[in-house]
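What follows is one structure encoded as structure tokens, with my remarks underneath.
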Amino acid sequence: MPSLIFTKEDGNEVAYEFENEDVGIGRHPDNEIPLDDVNVSAYHARLNRADDGYEITDTSSNGTKVNGERIETARLRHGDRIQFGPIEVVYEDETEPPPPEIAKMHCRSHPDRVAEERCAECRESFCPDCLTEVRRKKYCPACKVMAEGSGPVLLEHDRPPVCPEAKTALILALVSIFCGGILVAPFAISKALSAKRTIADDPRLGGSSQATAALVIGMFVVVVWIIALALGLLVFIQYRAIPHS
């Protein structure tokens, strides 16, 4: 079954499968695949079933890209990267036949063999023996080293968009260290908790580490200020208790 694959910051993937003739994608909850991002249009794009797969049509003002190129309408192939604003997904449909240009091409490493499909990174054509699957994508030997070299760390173009609230929370937490701590830190904590809820509700968003850091820093600043105020009050009480001539 065709699907769009979202990769979370921790390396886990979430698949949105579909088989309808017409699939809406966008920020509005009426879409079959809703995307919660202010930079995504309410009705950003549509997937329409073609004879042997799906076509994507851009219906936004922000633009839709397939493999880095802005499109109006494009025929999707297994492994294509689709970008809706800052959100990037991978289209998967392993049941589709290879595209005509691949069927006529030969493996880059073995010219006497017919290519099966393209490497997910360099997009060169390779035979089945040259391609290795890494986190549900197929890579050639050279790109496989880069994909596996850092373990669960994602390639740069696969990183999910960071939750804006997580960024704001971390900035507020850092500001609270240097000025307005007891006033700013609670706002940082509130934003961090809100960001964590948003990320939990939308697996396509990253920023969990930023939200956690903001929460820890904010709580630390609040505790330090409470201790400082308590000590100040204690010193004031003791000072008032001392008789003055």
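Results, tabulated for the structure shown:
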item	result
Residue match in segment 22-30 (condition: modelled with pLDDT under 90 and open to solvent by less than 80 Å² (accessible area, probe 1.4 Å))	no
Selected residue (criterion: most open to solvent (accessible area, probe 1.4 Å)) from residues of segment 190-221 that are within 17 Å of residue 36 (Cβ to Cβ) and among the aliphatic types (A, V, I, L, M)	200
Listing of strands (runs of 3 or more DSSP E) fully contained in segment 73-119 that carry 2 or more residues being open to solvent by 20 Å² or more (accessible area, probe 1.4 Å) and at pLDDT 75 or above	73-75, 81-84
Test for residue 34: is it over 17 Å from the mean Cα position of the chain (by Cα), modelled with pLDDT of 85 or more and open to solvent by 30 Å² or more (accessible area, probe 1.4 Å)	no
Per-region count, segment 168-214, residues modelled with pLDDT of 85 or more and either of a type outside the set (Ser, Thr, Tyr) or assigned to a loop (DSSP other than H, G, I, E, B) (or both)	26
Candidates 236, 187 - the one that is surrounded by 14 or more Cβ atoms within 10 Å (Cβ to Cβ) and aromatic (Phe, Trp, Tyr)	187
Subset tally (residues that are part of a loop (DSSP other than H, G, I, E, B) and under 18 Å from residue 2 (Cα atoms)) for segment 36-61	2
Check on residue 148, assigned to a helix (DSSP H, G or I), closer than 24 Å to residue 4 by Cβ, acidic (Asp, Glu) and modelled with pLDDT under 85	yes
Answer from 74, 45 - the residue that is within 14 Å of residue 22 (Cβ to Cβ) and either of a type outside the set (Val, Ile, Thr) or in contact with a helix residue (DSSP H, G or I) (Cβ under 7 Å, 6 or more places away or on another chain) (or both)	45
Scan of segment 85-96 for residues that are closer than 18 Å to residue 163 by Cβ and either in contact with a Leu (Cβ under 6 Å, 6 or more places away or on another chain) or free of Cβ contacts under 8 Å to residues at least 12 places away in the same chain (or both), ordered by number	87, 89
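The values are calculated or read from the model by the stated rules, or taken from the named source; none is laboratory data. Here the structure is a predicted model, which is why all the values come from computation and not from measurement. When we count neighbours, we look across all protein chains shown, and the Cβ atoms used for this are built from the backbone with ideal geometry, even at glycine. For accessibility, only protein heavy atoms count, side chains too; no ligands or nucleic acids. Shrake-Rupley method; radii C 1.70, N 1.55, O 1.52, S 1.80 Å.
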